[in-house]
Ligand code: SF4
C-alpha cells in the first residue's frame, strides 16, 4: 500500500501538530517532487499490486481533481491496483463543493475521509477549523449525492466547548447521515499549538479526562447499538467498511510513504521517514536524492510496536507470532508481566490472542506501555 502526504492546509487548526504549510506557493514543486520520489522508490514494495492508496495530510482536498488524477496516473506507471482497491482521500468539508465532488467522482478515488470533527459551531471555532456546522453536514450529504458511499468522518470528543449532551447530538447527527465509518479521537493538547497557548494563558479550560472518558464509552456503546464494530480504539465501522489501509498498518504490513514527513515500513525491521520540511524535501528530490532517514528497528522496538498496535485492536496480539519472533528471554519476561494483568481482568487471552477487554480501551496506551521492554 502507498500513503501520499499532501503538506498544505488553508489554515492552522488550533490543536494540530501535523506537518503542513499554509502557503500554497510551492505546491507544484512539491507535487513534482512526490512524483520523483515515487519513481526513485518504485522498487521498494515487494508487492506491486496495491490494495490501498491513501492521500493524507495536511489537506489533500486542497488539490484539484486533475492534480489528484495526475498522481494516481503516476502511481499506475509502476503499480497496478487490486480489483477492489481502496483509494482514500482525506477531505475537509469546506472543500467538498459540487465542482470538486463532480471531478472526484470521475477519478479512481472511492473513499473519502472527511475532517468533520463536530456538527457544532462552538467546537469548530475553538478548533479553528475552516468550516462551520452547516458545511459539516452539507458536505456529507453532497458527497453521498455524488455517489461516495464509502465515507469516513472524523469526530473529536472532550472539547471544553462540549459536554455529554452535545456529544450525544453529534452522534445522533452522524447516525442520521448514515455514515459507515467513524474515526473519533479525544481532543489532546499538543505542545506548540494555539490550543496549548490558550490553555496556558487561561483563555480556554483544559479538557477534562473524566469527561473524555464518559464521552468515549458513550460513543462506543452508542455506535455498537447502531450496528458498528468497534475494531480499533479510535475506529468504528459497519461490517464491510473497515478501513483497509489502516487495518494493514495494524497488521504490520509493509507500506511506502511519499511526500514531506511521510513514514514507510518494510513489514519487518526497517522504518524510514521523510524530512518534515517542504523546501528541503523539494531540494533533495530535485537533486535526485531521497529526503529520508532510516532506522533499523531493534528487537525491543519491534516488540513494543507489536504490543502497542495489537492491543489497540479487536484482533489483539497474536501470541504464536510473538513467540516465534522474539527470544525465549523476552517471551518469558512478557509471560510474567501479563500474569497479574490477566488476573486483574485488564488483559484476556482469546484464541491465543492477547487483548484488552473493551471496557479498558480508554486506557489502552497506558496498559500497553506497561508491557514495553524498555
Ligand atoms: S486540516 Fe488537518 S492537518 Fe490541516 S491544520 Fe487542520 S487538523 Fe491539521
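The numbers here are math on the coordinates, done by the rules we state, and not lab data. None of these values were measured; they are calculated from a predicted model. In this analysis, Cβ positions are derived from the backbone assuming ideal geometry, glycine residues included, and neighbour counts consider all displayed protein chains.
Observations on the model:
- The residues of the range 254-266 that are in contact with a strand residue (DSSP E or B) (Cβ under 8 Å, 6 or more places away or on another chain) and outside any strand (DSSP E or B), listed by number, are 254, 259, 260, 261, 262.
- Lone qualifier among 89, 53 - being in contact with a helix residue (DSSP H, G or I) (Cβ under 9 Å, 6 or more places away or on another chain), more than 16 Å from the ligand (Cβ to nearest atom) and not in a loop (DSSP other than H, G, I, E, B): 53
- Out of 66, 97, 28, 43, sole residue that is under 21 Å from residue 152 (Cβ atoms), surrounded by fewer than 20 Cβ atoms within 10 Å (Cβ to Cβ) and more than 15 Å from the ligand (Cβ to nearest atom): 97
- Selection status of residue 5, out of contact with any helix residue (DSSP H, G or I) (no Cβ under 7 Å at 6 or more places or on another chain), part of a loop (DSSP other than H, G, I, E, B) and touching a residue at least 24 places away in the same chain (Cβ under 8 Å): no
- Counting only strands (runs of 3 or more DSSP E) that fall entirely inside the range 177-248 and contain at least 1 residues that are farther than 24 Å from residue 86 by Cβ, the qualifying elements are 181-186.
- Failed condition for residue 121, given (1) surrounded by fewer than 17 Cβ atoms within 10 Å (Cβ to Cβ); (2) within 23 Å of residue 245 (Cβ to Cβ): (2)
- Scan of the range 9-24 for residues that are more than 6 Å from the ligand (Cβ to nearest atom) and either closer than 14 Å to residue 124 by Cβ or assigned to a loop (DSSP other than H, G, I, E, B) (or both), ordered by number: 10, 11, 14, 15, 17, 19, 22, 23, 24
- Qualifying residue in the range 135-148 (condition: part of a loop (DSSP other than H, G, I, E, B), within 16 Å of the ligand (Cβ to nearest atom) and at positive phi): no
- Some residue of the range 71-80 being within 16 Å of the ligand (Cβ to nearest atom) and either free of Cβ contacts under 8 Å to residues at least 40 places away in the same chain or surrounded by 17 or more Cβ atoms within 10 Å (Cβ to Cβ) (or both): no
- Summed over the range 295-351, the residues that are out of contact with any strand residue (DSSP E or B) (no Cβ under 7 Å at 6 or more places or on another chain) and not in a helix (DSSP H, G or I) give a count of 9.
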